[in-house]
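The values are calculated or read from the model by the stated rules, or taken from the named source; none is laboratory data. Computed from a predicted model, the values in this text were never measured in an experiment. Neighbour counts run over all protein chains shown; Cβ positions are idealised from the backbone, glycine included.
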């Protein structure tokens with residue numbers, strides 16, 4: 001008499017659901033694992049592992065051949081597999097999360113800011129740089145830049161890249177404000193630096209523009225000169241111009 005199959009491991013529920021789906025197909029097809037392995041062209045241990053559950057997702061090649069051998073739908077299997085893959089990745093990331101809270105408000109220099117960014121990265125569960133690059137959007141966060149931050153070799157040269165890195169580390173909304181202040185304090189936005197390349201900044205970038213312009217109002221009031229950002233373009237109002245009462249601003253974003 002065959003040994004009863006072990007219960008499904010629901011360590012990651014969605015991976016367990018995928019296993020249950022596969023077992024249901026095999027039962028409906030009335031196949032033993034040996035017969036399934038012959039049809040799927042994978043070893044018996046491989047098809048058994050695919051229907052075991054746990055925290056690790058089986059390879060797609062095993063799943064799709066398993067489903068095909070049982071007469072199931074590849075499109076349906078794809079949905080189960082996508083949910084299991086996303087959940088397993090999230091669970092693995094949660095397991096890597098650091099409990100250390102980054103404190104950009106206390107950063108005094110570039111080394112401190114670099115350390116705070118790495119703390120944010122570890123608290124986010126150390127996402128893969130390829131994933132960060134893809135999720136950030138075209139041109140916002142090159143993987144070599146992200147890798148440079150993670151390995152403490154470099155900091156982003158542009159605030160747009162800096163913001164993208166933080167967003168990929170799950171720092172969003174008003175939580176970005178202390179990071180804006182650290183950037184403005186430590187990196188000292190250069191009059192020749194292009195803040196944003198786009199005329200239509202993303203919400204987080206627009207938040208920076210609004211915050212930065214607001215912080216410059218006091219500098220204007222004190223007559224010390226101010227750097228403002230208009231429509232995603234950086235403009236410089238110099239002390240000399242202010243003293244002369246010049247109404248125009250010098251556009252240095254081009």
Requested in this report: Look through segment 23-47, keep the residues that are in contact (Cβ under 8 Å) with a residue 40 or more places away in the chain and surrounded by 13 or more Cβ atoms within 10 Å (Cβ to Cβ), and return whichever of them is farthest from residue 11 (Cα to Cα).
Outcome: 29
**Report entry** Qualifying positions in segment 68-91 - more than 32 Å from the chain's Cα centre (by Cα) and crowded, with 16+ Cβ neighbours inside 10 Å
**Finding:** 69, 70, 72
Query raised in the report: Do the conditions hold for residue 86, that is, is it under 30 Å from residue 124 (Cβ atoms) and at pLDDT below 95?
Result: yes
Query - Subset of segment 7-43 [out of contact with any helix residue (DSSP H, G or I) (no Cβ under 9 Å at 6 or more places or on another chain) and farther than 17 Å from residue 59 by Cα] - result: 7, 24, 27, 28, 30
Query raised in the report: So residue 103 clears everything in (1) within 28 Å of residue 125 (Cβ to Cβ); (2) not assigned by TED's automatic domain parsing to the domain that holds residue 165 except one condition, right? Which one?
Result: (2)
Query - Among (1) farther than 29 Å from residue 171 by Cβ; (2) not in a loop (DSSP other than H, G, I, E, B) - the single one residue 5 does not satisfy - result: (2)
Report summary line: If we take segment 121-185, then helices (runs of 4 or more DSSP H) inside it with 2 or more residues that are within 19 Å of residue 110 (Cα to Cα), at pLDDT 95 or above and in contact with a helix residue (DSSP H, G or I) (Cβ under 6 Å, 6 or more places away or on another chain) are 143-150, 159-168
Query - Positions within segment 186-213 being within 18 Å of residue 112 (Cβ to Cβ) and either modelled with pLDDT of 85 or more or within 18 Å of the chain's Cα centre (by Cα) (or both), in sequence order - result: 186
Report task. Considering each residue of segment 92-114, count those that are surrounded by fewer than 17 Cβ atoms within 10 Å (Cβ to Cβ) and either within 19 Å of the chain's Cα centre (by Cα) or under 25 Å from residue 54 (Cβ atoms) (or both), and give that number. Result -> 10
